[in-house]
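**Q** This structure is in structure tokens; I'll ask about it shortly.
The values are calculated or read from the model by the stated rules, or taken from the named source; none is laboratory data. Since this is a predicted model, take the numbers as computed values, not measurements. All Cβ positions, glycine included, derive from the backbone under ideal geometry; neighbour counts span all protein chains shown.
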Amino acid sequence: MARNFPHSYVVCTCKNVTLGEIIHAIKERGAKTLDDLDNLTDAGSCCGSCKNAQSDIGAEKMELYLEEILNKFNGK
């Protein structure tokens, strides 16, 4: 995550889940895995392109992935 994203930045475009919702799920609701984020926010539960670069099937690539966010907040 080289650049800063606002909390309103939409990470999962299929389910319209924002960075703020992802951060809340991690910090306040204890999300530690992609499955946790899926269960708590629905992020990554549709096409999966927002999970990581390897899963990104879109012609236009995502700028921020769920794995990057989890790694940042889980100290990886």
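**Q** Is it true that some residue in the stretch 22-41 is part of a loop (DSSP other than H, G, I, E, B) and in contact with a Leu (Cβ under 6 Å, 6 or more places away or on another chain)?
**A** Looking through the stretch 22-41, at least one residue is part of a loop (DSSP other than H, G, I, E, B) and in contact with a Leu (Cβ under 6 Å, 6 or more places away or on another chain).
**Q** Hey, can you tell me all the residues within the stretch 37-62 that are within 14 Å of Val17 (Cα to Cα) and not aliphatic (A, V, I, L, M)?
**A** Listed by number, the residues that qualify are Asp38, Asn39, Thr41, Asp42, Gly44, Ser45, Cys46, Cys47, Gly48, Ser49, Cys50, Lys51.
**Q** Can you tell me which of (1) loosely packed, with under 15 Cβ neighbours inside 10 Å; (2) farther than 22 Å from Gly75 by Cβ is the one Lys15 doesn't meet?
**A** With respect to (1) loosely packed, with under 15 Cβ neighbours inside 10 Å; (2) farther than 22 Å from Gly75 by Cβ, Lys15 is out only on (1).
**Q** Which pairs turn up if I take residues in the stretch 31-56 that are of a type in the set (D, E, K, R) and look for partners that are not in a helix (DSSP H, G or I) with beta carbon separation below 6 Å, at least 6 apart in sequence or on another chain?
**A** Asp38/Gly44; Asp38/Ser45; Asp42/Lys15; Lys51/Gly44; Asp56/Ser49; Asp56/Met62
**Q** Quickly run through the stretch 53-73 and pick out the residues that are among the β-branched types (Val, Ile, Thr) and over 15 Å from Asn4 (Cβ atoms).
**A** Ile57
**Q** Right, Asp56: charged (D, E, K, R) and at pLDDT 95 or above or not?
**A** no
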